[in-house]
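The values are calculated or read from the model by the stated rules, or taken from the named source; none is laboratory data. As the structure is a prediction and not an experimental result, all values here were calculated from the model. Cβ atoms come from the backbone with ideal geometry, glycine included; neighbour counts cover every protein chain shown. Heavy atoms of the whole protein, side chains included, go into the accessibility calculation; ligands, DNA and RNA do not. Shrake-Rupley method; radii C 1.70, N 1.55, O 1.52, S 1.80 Å.
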Amino acid sequence: MKTIYLDNNATTRVAPEVVEEMLPYFSDYYGNPSSMHYFGGQVEKKVVEAREKVAQLLNCDPSEIIFTSCGTESDSTAIRGTLGSYPDKRHMVTSRVEHPAVLNLVRHLSKNGCDATEVPVDRKGNLDISDVEQAITDTTAIASFMYANNETGVIFPIEEIGQIVKSRGSVFHTDAVQAVGKIPLDMKKSSIDLLSLSGHKLHAPKGIGALYIRKGTKLTPFIMGGHQERGRRAGTENVPYIIGLGKAAELVRLHLDDENTRVRALRDRLEEELIKRCPDVQVNGDATHRLPNTTNLSFEYVEGESILLLLSAQGIAASSGSACTSCSLEPSHVLRAMGVPFTYVHGSLRLSLSIYTTDEDIDFTIATLPPIIKRLREISPFGRSR
Ligand code: PLP
């Protein structure tokens, strides 16, 4: 059976060039970058190169990048590390639609000596900037707003938010796990202090991430121990994965144009055709301020999970929400925060493309999905007549 992978916001295929670059660092070059002998030197050089490649992708200085184990660790480092550096400031500001890596941490910290304001979003998943402005107080240590939403692809006005946050003397963090590699980012022109990214969303393996820390930003280490990452993140470097992330950063930088032209056109065609062929469907999220690879659709009168199972039987992989929640039948906190009606929330489907998605993949999905929706509606107690 032909397989079509349209779940790239959950994770991506590791690029073959990335695998090739990593392999020798499991077998032949296994030194510790901190070692003084040549085994150490060989790998230290490659870690330096990888840091340069990640820095190039973000247009920042390599000294502003630390490697972590994943996006979640980067988010935790940013938020906990800032609170650790500003003991007199116990307030945080975030949005209601953040990934659990931020939202669950902020909610946990709120029960443990801190407090937080969660800024709402409108029906299209957009923020009202004046709400952000009002949420920040003199005791706000950090404001954390995602760059782009993992479920809908909606892009927040990060620079506008950042300017407000900075003018109020707080640290500005963005979880850019879904944005890096899909849209151009430039830290030299930005107000962002801290930015999280994750390797497995940009064709590197799972288990590697990075945090951009603007020069001069105070940040207490989250993981303490040795002197690695210039004392900012202890633990012997995960050399092969760091090298993999470096290679992936180099590749996505070269593919940014493809992502924003060809992939965007494929996503638009997929969305338009599905809307044409299926009655009672809506796009969730602002259609203009959106990642080029993501569409989130809701089909009324059907269950998202049923769509997923039938698509999967045809070889098409998609998602009904974020990967973390798709194992449960909990309705998406993002769609609920947007005020999407109950009957639409349950029939939501996220299709996320990548540079490996082809015209044929999209043709097949356009031909396969509408009959699935029709069939499900025929057997649904709510949608028999459709
Ligand atoms: N932030 C966002 C927006 C995400 O989409 C994800 C993963 O889905 C994460 C954070 C967590 O990243 P990781 O899986 O690398 O911990």
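Odds and ends about this structure:
- The one condition in (1) more than 25 Å from residue 291 (Cα to Cα); (2) crowded, with 24+ Cβ neighbours inside 10 Å that residue 208 fails to fulfil: (1)
- Options 26, 39, 67: the member that is aromatic (Phe, Trp, Tyr) and touching a strand residue (DSSP E or B) at 6+ places or on another chain (Cβ under 6 Å): 67
- Test: residue in the stretch 180-187 that is open to solvent by 40 Å² or more (accessible area, probe 1.4 Å) and under 27 Å from residue 291 (Cα atoms): yes
- Selection within the stretch 169-201 - over 17 Å from residue 66 (Cβ atoms), within 13 Å of the ligand (Cβ to nearest atom) and either at pLDDT below 95 or assigned to a loop (DSSP other than H, G, I, E, B) (or both): 178, 179, 181, 182
- Listed by first and then second residue, the pairs linking a residue in the stretch 61-86 that is within 15 Å of residue 207 (Cβ to Cβ) to a residue that is among the acidic types (Asp, Glu) and more than 15 Å from the ligand (Cβ to nearest atom), with Cβ atoms under 8 Å apart and 6 or more places separating them unless they lie on different chains, are 67/229; 67/237.
- The helices (runs of 4 or more DSSP H) falling completely within the stretch 228-324 that include 3 or more residues that are surrounded by fewer than 22 Cβ atoms within 10 Å (Cβ to Cβ) and more than 21 Å from the chain's Cα centre (by Cα) map to 264-277, 304-313.
- So residue 221, is it touching a Lys or Arg at 6+ places or on another chain (Cβ under 7 Å), surrounded by fewer than 19 Cβ atoms within 10 Å (Cβ to Cβ) and over 20 Å from residue 252 (Cα atoms): yes
- Residue 25 vs. criteria modelled with pLDDT of 95 or more, of a type outside the set (Gly, Ala, Ser) and open to solvent by 40 Å² or more (accessible area, probe 1.4 Å): no
- Meets criteria (in contact with a Pro (Cβ under 8 Å, 6 or more places away or on another chain), within 16 Å of residue 141 (Cβ to Cβ), of a type outside the set (D, E, K, R) and within 16 Å of the ligand (Cβ to nearest atom)) for residue 77: yes
- Among the residues of the stretch 6-25, not one is basic (Lys, Arg) and in a helix (DSSP H, G or I).
- Residue match in the stretch 2-15 (condition: among the hydrophobic types (A, V, I, L, M, F, W, C), open to solvent by less than 40 Å² (accessible area, probe 1.4 Å) and more than 16 Å from the ligand (Cβ to nearest atom)): yes
- Residue within the stretch 159-171 that is hydroxyl-bearing (Ser, Thr, Tyr) and touching a residue at least 60 places away in the same chain (Cβ under 8 Å) present: yes
- Residue in the stretch 97-117 that is part of a helix (DSSP H, G or I), over 30 Å from residue 258 (Cβ atoms), open to solvent by 30 Å² or more (accessible area, probe 1.4 Å) and more than 16 Å from the ligand (Cβ to nearest atom) present: yes
- The residue of the stretch 42-73 that is nearest to the ligand (Cβ to nearest atom), among those that are more than 20 Å from residue 166 (Cβ to Cβ) and among the polar types (S, T, N, Q), is 72.
- Scan of the stretch 146-169 for residues that are under 20 Å from residue 189 (Cβ atoms), over 18 Å from the mean Cα position of the chain (by Cα) and among the small types (Gly, Ala, Ser), ordered by number: 162, 167
- Which listed residue, of 258, 286, is touching a residue at least 60 places away in the same chain (Cβ under 8 Å), among the charged types (D, E, K, R) and touching a strand residue (DSSP E or B) at 6+ places or on another chain (Cβ under 9 Å): 286
- Complete set of residues in the stretch 194-205 that are more than 13 Å from the chain's Cα centre (by Cα) and open to solvent by less than 10 Å² (accessible area, probe 1.4 Å): 194, 204
- When residues of the stretch 36-67 are limited to those that are outside any helix (DSSP H, G or I) and more than 30 Å from residue 78 (Cβ to Cβ), the one most open to solvent (accessible area, probe 1.4 Å): 36
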